[in-house]
1. Out of region B:93-126, which residues are among the charged types (D, E, K, R) and open to solvent by 20 Å² or more (accessible area, probe 1.4 Å)?
2. Tally up the residues in region B:49-101 that are among the hydrophobic types (A, V, I, L, M, F, W, C), farther than 19 Å from A:VAL36 by Cα and not in a strand (DSSP E or B), please.
3. Hey, can you tell me all the residues within region B:6-30 that are in contact (Cβ under 8 Å) with a residue 40 or more places away in the chain and among the small types (Gly, Ala, Ser)?
4. Quick one: A:CYS106 ticks every box in (1) of a type outside the set (A, V, I, L, M); (2) part of a loop (DSSP other than H, G, I, E, B); (3) facing chain B (nearest Cβ under 9 Å); (4) over 22 Å from B:GLU29 (Cα atoms) except a single one, so which number is it?
Number of protein chains: 2
Amino acid sequence: MDQQRDTADRFLPRFDAAGLVTAIVTDAETGVLLMVAHMNAEAIERTQATGQAHFWSRSRSALWRKGETSGNGLTLVEMRVDCDQDALLLRVTPAGPACHTGRRSCFYRRVEADGALTFLDDDAQS
Amino acid sequence: MDQQRDTADRFLPRFDAAGLVTAIVTDAETGVLLMVAHMNAEAIERTQATGQAHFWSRSRSALWRKGETSGNGLTLVEMRVDCDQDALLLRVTPAGPACHTGRRSCFYRRVEADGALTFLDDDAQS
């Protein structure tokens, strides 16, 4: 554990070899986990500058603003960082479903002991 | 987006090149985000088999059970998987502070617009 990073009062994101940190997105009002994505330095800067969540797409190798095609943007309420500064929490107000499947959250399936997945209703996603 | 994975009713974790998926840990009772870690296939299997959260330490290249040194283990209540099956949500009952700093959550600092970090009380961590 990097002692400097966990007591620091300055934001010093610890990017991985690909220049990314993990970004966890929750609904600021309900606390529900909406999605997980990745951010590079530019995505963080654009999110802070615009108040709209931006991420780095590893599959497309491109910066994207969540909602740029779906319309379901995420307005930033607060950004937090974890102890070793390699993960961010974005507390947001979502304009619509966060998942590309149309669900509120990307975490809509429970993993059962036998490897089956049980689909959950939006209301059960806490 | 992998269409098979987002509609699948079978657990088919999509491990990265290092054999890992992102694991997000929340308090099952309060919904508070506690920590983020990584899991390989063995960590998932051990967590399911024992009901205690296991992770893969990238820095130590070792499987570890959360709490094995601190005593602050995480009892699994429910595991969920996201749409493309490269991230897991572990809803847990924590035996104590999840963060190595003694705080309930690893996300105890707010990132301000000017790059300053503001320390939050445990009660403010939602």
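The values are calculated or read from the model by the stated rules, or taken from the named source; none is laboratory data. Please read these numbers as outputs of a predicted model, since none were measured by experiment. Glycine gets a Cβ as well: all are built from the backbone with ideal geometry, and neighbour counts include every protein chain shown. Surface areas here come from the heavy atoms of the whole protein model, side chains and all, with no ligands, DNA or RNA. Shrake-Rupley method; radii C 1.70, N 1.55, O 1.52, S 1.80 Å.
1. Within region B:93-126, B:ARG103, B:ARG104, B:ARG110, B:GLU112, B:ASP114, B:ASP121, B:ASP122, B:ASP123 qualify.
2. Counting residues in region B:49-101 that are among the hydrophobic types (A, V, I, L, M, F, W, C), farther than 19 Å from A:VAL36 by Cα and not in a strand (DSSP E or B) gives 5.
3. B:ALA8, B:ALA18, B:ALA23, B:ALA28
4. So the condition that A:CYS106 fails would be (4).
For every residue, the table says whether it meets (1) within 18 Å of A:LEU74 (Cα to Cα); (2) at pLDDT 95 or above; (3) open to solvent by 40 Å² or more (accessible area, probe 1.4 Å); (4) in contact with a Ser or Thr (Cβ under 9 Å, 6 or more places away or on another chain).
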position: A:ASP6; (1), (2), (3), (4): no, no, no, yes
position: A:ARG14; (1), (2), (3), (4): no, yes, yes, no
position: A:GLU29; (1), (2), (3), (4): yes, yes, yes, yes
position: A:LEU34; (1), (2), (3), (4): yes, yes, no, yes
position: A:ALA37; (1), (2), (3), (4): yes, yes, no, yes
position: A:ALA43; (1), (2), (3), (4): yes, yes, no, no
position: A:ARG46; (1), (2), (3), (4): yes, yes, yes, no
position: A:THR50; (1), (2), (3), (4): yes, yes, yes, no
position: A:HIS54; (1), (2), (3), (4): yes, yes, no, yes
